[in-house]
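Q: One structure, as structure tokens, below. Some questions next.
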Amino acid sequence: MSFREEGFMGASGAAIRLTQVDRYRELFEFANECSRLAVVVAALLPDIREKTKLVASIFFMRSLSHFQAAINLAEGGMTIEALVLCRGLVETGFVLCSLAEGAVTPAELVSHDKASRVKQAKAILHGRDAYANILPFENKLNDFVTENIDSDAIDMHTLARKCKALAVYDGLYRHLSHFAAHPSLSAAEPYLVTMPNGQSHAQFRPVLDYTPRAVLSACAGILIGLCACGKSGMLTPETDDTRTRLWNDYMALYARNDPWSDG
């Protein structure tokens with residue numbers, strides 16, 4: 001069946017994957033190398049008990065899951081969706097780098113977590129008149145807000161500044177936000193197709209020309225996480241050497257593919 005009939009599902013999706021891997025073989029082979037290293041590192045982390053490194057470990061597991069999901073989406077032609085995940089991957093990288101630099105503590109991350117939940121609880125309580133189903137939980141929500149009212153949130157820009165990664169924030173992160181995660185015209189524009197007669201219309205289609213930016217953004221995200229693990233002393237000499245080699249290979253691939261040249 002065709003993409004028009006199935007979209008990304010069934011035989012159509014399987015055919016896209018085969019085409020993608022064949023067309024962008026070098027990129028996907030590199031992504032597999034990054035994945036193998038990250039899986040090896042993940043297997044080493046459960047032995048860690050020190051609090052800061054333990055917190056970094058669970059964030060790295062999140063990074064690895066985001067990375068592999070993004071690569072799978074890119075293989076399947078869902079490149080914009082892959083880029084949405086890459087944004088979360090970069091955000092987690094800011095946390096990992098901040099922990100590695102000693103710029104944020106586990107206690108501050110706990111406080112941030114509670115502050116975010118307090119913000120939601122207060123918003124729900126503020127709209128209690130419109131949310132009738134909230135009434136049974138009103139006291140519980142009020143108690144939670146009172147108990148955690150002094151919690152402090154940390155925004156992504158602050159984290160990026162703390163870990164000296166503003167270049168990544170103002171570059172890749174903002175690109176991923178505008179061209180994928182946010183409902184901007186730039187993010188929706190790939191579905192606007194111009195016909196030979198000059199007329200344009202919306203078309204649901206795989207955005208295959210975004211593959212280099214999707215794969216390389218995902219690889220950048222996991223390599224940032226691996227770099228943070230190295231700074232935190234969580235890598236072996238062998239895995240750190242491999243990380244350095246992969247970063248150099250990434251820079252060469254990025255230069256050859258120039259993934260954001262049209263965005």
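Q: Kindly check whether there is at least one residue in the range 249-259 that is outside any helix (DSSP H, G or I), touching a residue at least 40 places away in the same chain (Cβ under 8 Å), open to solvent by 50 Å² or more (accessible area, probe 1.4 Å) and of a type outside the set (Asp, Glu).
A: no
Q: Examine the range 134-145 for a residue that is among the polar types (S, T, N, Q) and more than 30 Å from Asp262 (Cα to Cα), and state whether such a residue exists.
A: The answer is yes, given that some residue of the range 134-145 is among the polar types (S, T, N, Q) and more than 30 Å from Asp262 (Cα to Cα).
Q: May I pose another question? Taking the range 191-220 on its own, how many of its residues are within 21 Å of the chain's Cα centre (by Cα), not charged (D, E, K, R) and not in a loop (DSSP other than H, G, I, E, B)?
A: Of the residues in the range 191-220, 11 are within 21 Å of the chain's Cα centre (by Cα), not charged (D, E, K, R) and not in a loop (DSSP other than H, G, I, E, B).
Q: A follow-up question, please. Taking the residues in the range 11-23 that are open to solvent by less than 50 Å² (accessible area, probe 1.4 Å) and of a type outside the set (A, V, I, L, M) as candidates, determine which candidate is modelled with the highest pLDDT.
A: Result: Gln20.
Q: Evaluate the following for Leu235: is it of a type outside the set (Lys, Arg), closer than 26 Å to Ser57 by Cβ and part of a loop (DSSP other than H, G, I, E, B)?
A: So Leu235 fits the description; yes.
Q: For the range 114-130, what are the residues that are open to solvent by 20 Å² or more (accessible area, probe 1.4 Å) and either in contact with a helix residue (DSSP H, G or I) (Cβ under 7 Å, 6 or more places away or on another chain) or in contact (Cβ under 8 Å) with a residue 12 or more places away in the chain (or both)?
A: Within the range 114-130, Lys114, Ser116, Arg117, Lys119, Lys122, Ile124, Arg128 meet the criteria.
Q: Taking the conditions exactly as written (modelled with pLDDT under 95 and either part of a helix (DSSP H, G or I) or open to solvent by 60 Å² or more (accessible area, probe 1.4 Å) (or both)), does Leu45 satisfy them or not?
A: The answer is yes for Leu45.
Q: Does the range 111-122 contain any residue that is in a helix (DSSP H, G or I), more than 27 Å from Met61 (Cβ to Cβ), touching a Phe, Trp or Tyr at 6+ places or on another chain (Cβ under 6 Å) and not basic (Lys, Arg)?
A: Yes: the range 111-122 contains one or more residues that are in a helix (DSSP H, G or I), more than 27 Å from Met61 (Cβ to Cβ), touching a Phe, Trp or Tyr at 6+ places or on another chain (Cβ under 6 Å) and not basic (Lys, Arg).
Q: Which one is nearest to Trp260 (Cα to Cα), of the residues in the range 168-190 that are open to solvent by 90 Å² or more (accessible area, probe 1.4 Å) and assigned to a helix (DSSP H, G or I)?
A: Arg174
Q: Mind checking whether some residue in the range 63-76 is more than 29 Å from Phe204 (Cβ to Cβ), in contact (Cβ under 8 Å) with a residue 60 or more places away in the chain, among the aromatic types (Phe, Trp, Tyr) and open to solvent by less than 20 Å² (accessible area, probe 1.4 Å)?
A: no
Q: Then there is this: Of the conditions (1) open to solvent by 50 Å² or more (accessible area, probe 1.4 Å); (2) modelled with pLDDT under 95; (3) farther than 30 Å from Ala121 by Cα, Val193 satisfies every one except a single condition; which number is it?
A: Answer for Val193: the failing condition is (1).
Q: Determine which single condition Ser232 fails, assuming it passes every other condition in (1) hydroxyl-bearing (Ser, Thr, Tyr); (2) under 16 Å from Val90 (Cβ atoms); (3) touching a residue at least 60 places away in the same chain (Cβ under 8 Å).
A: The failed condition is (2).
Q: Within the range 48-78, track down each residue that is of a type in the set (A, V, I, L, M) and part of a helix (DSSP H, G or I).
A: The answer is Leu54, Val55, Ala56, Ile58, Met61, Leu64, Ala69, Ala70, Ile71, Leu73, Ala74.
The values are calculated or read from the model by the stated rules, or taken from the named source; none is laboratory data. This is a predicted model, so every value here is computed, not measured. Don't worry about glycine lacking a Cβ; one is built from the backbone with ideal geometry, like all the others, and counts go over all protein chains shown. Heads up: the accessible areas ignore ligands, DNA and RNA and are worked out on the full protein's heavy atoms, side chains in. Shrake-Rupley method; radii C 1.70, N 1.55, O 1.52, S 1.80 Å.
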